[in-house]
Amino acid sequence: MSEILENLFGSKERARLLRFFLQNQETPYDLGEIARRNMLNLAKIRREIEMLNRIKFILRSAQKGKNFYRLNQDFDFYPELKNLIAKSNTSPQCKSLSKISKIGNIKLAAVSGVFINYHKSKADMIIVGDDVSKAKLKNLMNSLEAEIGKEISFALMTSEEFKYRLNMLDKFILEFLEGPNEEIINKIIGLKQFIAKRKS
């Protein structure tokens, strides 16, 4: 989560809630689900939720005696906030991206999709690495999803699998690497030149 946003919006809780609702526009969520998905304390977000509802940033509805909240897309500053959130998702603003190197022997990590506001991408992230810890990967994804406010679609593969798929001119990999993306880690010799040559 961008520290700039936290300072701008007054707290980590408020910044995460704004981001969460802006990234998940259609679905209504109850308080428990909002707290769980954003890794926030339920007691701490109640006041924030009430404030966001009061200014009509989110709308409340009741189903079976339970309150649900969803984004009000007619909110006056919706387009501006949406753009601001999209800009804060990228590295280095997104702090959790710096933890990728700690999950294993990472050769390549690149982001697209939700991280750079490019909705045509079939994945938000590609990670190529060996000896990747499943527990650390799960923790990383949980942190990223809480920080970004949206479920992340990613592809994980070993360096051998990546090399094989690249040699086979795998459509998914080529579309990702030739499309808009940002590299977090790239230790694969000659990859940049290979992609640049294909694009020229």
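What follows is calculated from the coordinates using simple rules that are stated; it is not laboratory data. All values derive from a computational prediction rather than experimental measurement. All Cβ positions, glycine included, derive from the backbone under ideal geometry; neighbour counts span all protein chains shown.
Angle of helix 78-88 to the longest C-alpha principal axis of the chain, folded into 0 to 90 degrees and rounded to 10: 40°. What residue among Ile195, Leu174, Phe68 has its Cα farthest toward the positive end of the dipole of the chain, where the charges are +1 on Lys, Arg and -1 on Asp, Glu, each on the Cβ? Positive-end residue among those listed: Phe68. For region 3-88, the relative contact order is 31 percent, taking Cα pairs closer than 8 Å that sit 6 or more residues apart in sequence and dividing their mean separation by the residue count. Based on alpha-carbon atoms, the Kirkwood radius and the radius of gyration of region 3-88 give Rg/Rh equal to 0.94. Sorted largest first, the principal axis extents computed over the alpha-carbon atoms of region 42-200 equal 55, 36, 29 Å. Counting only residues at least eight positions apart within a chain, or on another chain, the lysines with an alpha carbon under 22 Å from that of Lys120 are Lys82, Lys87, Lys150, Lys171, Lys192, Lys199.
The packing ranking of peptides 158-166, 54-62, highest mean first, is 158-166, 54-62, where packing means the average number of other beta carbon atoms within 10 angstrom of each residue. Close amide H contacts of Ile58 (hydrogens built in the peptide plane, cut-off under 5 Å, sequence separation of 5 or more or a different chain): Asn53, Asn72.
Just need log10 I(q)/I(0) for region 119-200 at q = 0.18, 0.23, 0.26 Å⁻¹, Debye formula, equal scatterers on the alpha-carbon atoms, no solvent, rounded to two decimals. Taking Cα atoms of region 119-200 as identical point scatterers yields -0.86, -1.30, -1.49. Each of the peptides 102-113, 185-196, 117-128 was scored by the mean count of other Cβ atoms within 10 Å over its residues; in descending order, highest first, they stand as 102-113, 117-128, 185-196.
Between Glu80 and Lys199, residue separation times 0.36 nm minus the direct Cα-Cα distance comes to 39.5 nm.
Quick one: Cα centre-to-centre distance for region 141-179 and region 50-64, in angstrom? Result: 36 Å between the Cα centres.
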